1. Between ASP125 and ASP224, what is the label-to-label distance in nm when each label sits 7 Å out along the Cα-to-Cβ direction?
2. Return the tail of the calculated pair distribution for region 4-237, meaning the percent of Cα-Cα pairs more than 31 Å apart.
3. Using the per-residue mean of other Cβ atoms lying within 10 Å as a proxy for protection, in what order, highest first, do the peptides 65-73, 90-98, 31-39 fall?
4. Which cross-chain or sequence-distant (5 or more) residues have an amide H under 5 Å from the amide H of VAL141, H modelled 1.01 Å from N in plane?
5. With a 1.4 Å probe and all protein chains left in place, how much of the accessible area of the chain comes from carbon and sulfur atoms, in whole percent?
6. With a probe of 1.4 Å, find how much accessible area the chain has per residue, and write the answer as a whole number in Å².
7. Using amide H atoms built in the peptide plane, which far-off residues or other-chain residues are under 5 Å from GLY14 H to H?
8. Test of understanding: what is the full-extension gain from THR67 to GLN104, defined as 0.36 nm times their sequence separation minus their Cα-Cα distance?
Amino acid sequence: MKKIITIDGPSGAGKGTLTQLVADKLGWHILDSGALYRILGVATEQAGIDLSVDFLSETSKNTITDTITETITELARHLDVEFQLNPDSGEVEPFLKGVNLAKQIRTDEAGQSASKVAAIPSVRDALLARQRDFDQAPGLVADGRDMGTVVFCDAPVKIFLTASAECRAKRRYQQLINKGVGANMRALLESIQARDERDRTRSVAPLIPAVDAFVVDSSDLTIDQVLAQVIDFTSEKLPEILLE
Ligand code: C5P
């Protein structure tokens with residue numbers, strides 16, 4: 001039996017925190033697949049491609065679009081990215097060509113860029129093997145949009161964590177305010193809705209729960225309540241794991 005737990009869902013549902021807590025509890029590895037797409041977004045901008053233009057929309061489909069998608073796919077194939085544990089924060093940080101991008105990839109713009117490059121089918125293919133390489137002993141908790149439906153479709157435990165767009169925007173607003181960063185609630189909500197729409201309606205690996213996923217709506221739950229539900233579900237599916 002594979003030792004993989006997949007945690008999929010829309011942005012801001014709390015997947016990152018849940019993934020970290022479950023991995024800490026089990027002593028397993030983490031795959032933050034969104035970070036890969038975010039880094040690719042940064043690499044694409046660094047290569048001089050302007051991702052604020054909606055180059056994938058029907059009206060802009062032409063040979064320039066083809067050239068752009070080919071260039072981004074090549075970048076994905078050769079993405080010089082490495083993840084390293086920061087011993088001070090205990091967090092795994094991404095490096096692109098040796099440069100730490102931990103802060104840069106967490107901006108809202110980086111999220112929007114990520115969801116644009118992530119909608120290109122050949123880009124997703126190019127990143128597939130790299131993601132599957134994270135499946136290593138003692139086990140893996142994989143966070144993303146298509147972990148349970150595409151990348152690890154044979155995972156024994158699949159979670160789909162969701163929350164209303166309003167609730168996710170409120171949480172993001174609070175995070176930014178706590179960090180001392182200015183934030184606009186309406187802009188955050190619009191940004192979340194735009195990313196949801198792009199992620200849910202794309203032609204490849206759209207954001208949908210796997211048929212065998214345990215769906216948790218975290219809108220009215222604390223993270224501890226979510227964790228308890230996920231651990232209960234995991235111990236039903238993999239009783240031997242939690243007893244180890
Ligand atoms: O999870 P995170 O918000 O960091 O992901 C950023 C974007 O990357 C998502 O909005 C989504 O478009 C894309 N993504 C994806 N497939 C994944 C993980 C992320 O398409 N497995």
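The values are calculated or read from the model by the stated rules, or taken from the named source; none is laboratory data. Owing to the predicted nature of the structure, the values given are computational and were not obtained by experimental measurement. All Cβ positions, glycine included, derive from the backbone under ideal geometry; neighbour counts span all protein chains shown. Calculation scope for accessible area: heavy atoms of the full protein, side chains included, ligands and nucleic acids excluded. Shrake-Rupley method; radii C 1.70, N 1.55, O 1.52, S 1.80 Å.
1. Going from the ASP125 label point to the ASP224 one covers 4.9 nm.
2. In whole percent, the share of Cα-Cα pairs in region 4-237 beyond 31 Å is 19.
3. 31-39, 65-73, 90-98
4. Here the answer is ILE5, HIS29, ILE30, LEU31, since their amide H atoms fall under 5 Å of that of VAL141.
5. 52 percent
6. So the chain comes to 51 Å² accessible per residue, rounded to a whole number.
7. Answer set, sorted by chain and number: none.
8. 10.7 nm
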